[in-house]
Amino acid sequence: MSLDDEKRLAAEAAAELVESGMTVGLGTGSTVAHLLPAVARRGLTDLRCVATSPATEAQAHSLGIPVEEFNALQRLDIAIDGTDEVTPDGWLIKGGGGAHLREKIVAAAADRFVVIADSTKPVERFTWPVPLELFAFGLASTLARLGEDVTLRPETPPSPDGGLIADYRGPGRDDPAALAARFEADPGIAAQGLFPPTLVSEIIVARGSEVERTTIG
Ligand code: 5RP
């Protein structure tokens with residue numbers, strides 16, 4: 001089994017959780033790219049979906065999955081998304097694709113937030129950098145305040161919300177709650193990629209041909 005097969009298996013397991021008539025948040029990334037055809041194949045009716053990125057929205061449209069602006073809906077029945085890393089207690093690092101601002105808004109609006117992952121994503125301790133989305137206004141001052149641990153992604157265009165995508169490679173990832181609080185106290189940071197376990201309902205990890213499910217909250 002390749003990693004791509006694992007992503008597909010986890011995504012297919014999550015697609016089974018979607019039922020006709022649900023409001024659904026669609027994540028972003030290569031794992032979610034397997035979710036959308038699996039949802040489309042189910043032939044469900046009356047779905048109302050929101051997408052966390054233009055790429056997901058385009059793929060959903062191409063598969064006939066209806067996507068609407070995230071204005072009319074107040075709550076989502078379910079949101080399903082990938083992750084860059086997940087710790088045993090359910091903390092996530094997300095934003096490898098730079099979509100973490102919208103991903104977090106969608107996760108927070110969902111009654112059930114389901115994370116789908118291949119077997120490389122569970123870790124004992126975070127190793128990935130923490131993605132940040134920085135407001136364009138005052139960017140130079142924000143970068144100066146955050147220091148050399150934060151670098152802009154040079155090839156990544158601004159997000160659909162106008163923010164600049166950066167990564168934090170400094171200390172503190174062993175205490176994600178403290179690091180998240182530090183980021184959230186900085187007015188120049190629009191979104192940071194640490195997602196707390198309180199946002200997460202369930203994690204579906206594929207290892208080879210096995211699918212493991214962990215309930216978090
Ligand atoms: C995008 C994300 C993705 O969910 C995360 O990067 C995982 O991506 P993939 O499924 O391609 O491994 O947070 O911002």
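The requirement of being crowded, with 17+ Cβ neighbours inside 10 Å, within 17 Å of A108 (Cβ to Cβ) and in contact (Cβ under 8 Å) with a residue 24 or more places away in the chain is not satisfied by I65. Kindly check whether there is at least one residue in region 69-80 that is within 15 Å of the ligand (Cβ to nearest atom) and under 15 Å from the mean Cα position of the chain (by Cα). Within region 69-80, one or more residues are within 15 Å of the ligand (Cβ to nearest atom) and under 15 Å from the mean Cα position of the chain (by Cα).
In this structure, L44 qualifies as surrounded by 15 or more Cβ atoms within 10 Å (Cβ to Cβ), of a type outside the set (S, T, Y) and more than 16 Å from the ligand (Cβ to nearest atom).
One residue alone among T45, T31 is assigned by TED's automatic domain parsing to the domain that holds F70 and under 14 Å from P66 (Cα atoms), and that residue is T45. Within region 113-150, the set of residues being under 23 Å from E212 (Cα atoms), of a type outside the set (D, E, K, R) and surrounded by 17 or more Cβ atoms within 10 Å (Cβ to Cβ) comprises F113, V114, V115, I116, A117, P122, F126, W128. Of the listed requirements (1) closer than 30 Å to A14 by Cα; (2) within 16 Å of the ligand (Cβ to nearest atom), D111 misses just one: (2). Return the only residue of A180, A166, A110 being buried (at least 17 other Cβ atoms within 10 Å of the Cβ) and either assigned by TED's automatic domain parsing to the domain that holds A10 or among the acidic types (D, E) (or both). Result of the check over A180, A166, A110: A110. Checking each residue in region 1-22 for being part of a helix (DSSP H, G or I) and surrounded by fewer than 17 Cβ atoms within 10 Å (Cβ to Cβ) picks out L3, D4, D5. No other residue among T45, T52 is free of Cβ contacts under 8 Å to residues at least 60 places away in the same chain, touching a strand residue (DSSP E or B) at 6+ places or on another chain (Cβ under 7 Å) and among the polar types (S, T, N, Q) apart from T52. Going by what's in this entry, would P88 be described as under 25 Å from G208 (Cβ atoms), away from the ligand (no atom under 16 Å from the Cβ) and in contact with a strand residue (DSSP E or B) (Cβ under 8 Å, 6 or more places away or on another chain)? It is true that P88 is under 25 Å from G208 (Cβ atoms), away from the ligand (no atom under 16 Å from the Cβ) and in contact with a strand residue (DSSP E or B) (Cβ under 8 Å, 6 or more places away or on another chain).
Residue-wise test of (1) at pLDDT 95 or above; (2) part of a strand (DSSP E or B); (3) over 21 Å from S201 (Cα atoms).
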| position | (1), (2), (3) |
| --- | --- |
| V24 | yes, yes, no |
| G29 | yes, no, no |
| V39 | yes, no, no |
| L44 | yes, no, yes |
| C49 | yes, yes, no |
| H61 | yes, no, yes |
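Of the residues making up region 133-154, one or more are within 17 Å of G27 (Cβ to Cβ) and not hydroxyl-bearing (S, T, Y). If I filter region 71-83 for residues that are at pLDDT 95 or above, part of a strand (DSSP E or B), closer than 20 Å to L194 by Cα and not assigned by TED's automatic domain parsing to the domain that holds G43, do I get at least one hit? Within region 71-83 (the criterion being at pLDDT 95 or above, part of a strand (DSSP E or B), closer than 20 Å to L194 by Cα and not assigned by TED's automatic domain parsing to the domain that holds G43), the answer is no, since none of the residues qualifies.
Which one of P197, P158 is over 20 Å from G82 (Cβ atoms) and surrounded by fewer than 19 Cβ atoms within 10 Å (Cβ to Cβ)? Lay out the reasoning, then the answer.
On the way: P197 fails: over 20 Å from G82 (Cβ atoms).
Being over 20 Å from G82 (Cβ atoms) and surrounded by fewer than 19 Cβ atoms within 10 Å (Cβ to Cβ) holds for just one of P197, P158, which is P158.
Listed here are the strands (runs of 3 or more DSSP E) enclosed by region 134-217 that have at least 2 residues being of a type outside the set (A, V, I, L, M) and modelled with pLDDT of 95 or more: 164-168, 202-207, 210-215. What are the residues in region 51-68 that are more than 15 Å from the ligand (Cβ to nearest atom) and touching a Pro at 6+ places or on another chain (Cβ under 7 Å), if any? Correct list: L63 only.
The values are calculated or read from the model by the stated rules, or taken from the named source; none is laboratory data. Everything numeric in this text was worked out from a predicted model, so none of it was measured. Reconstructed Cβ throughout: ideal geometry from the backbone, glycine too, with neighbour counts over all protein chains shown.
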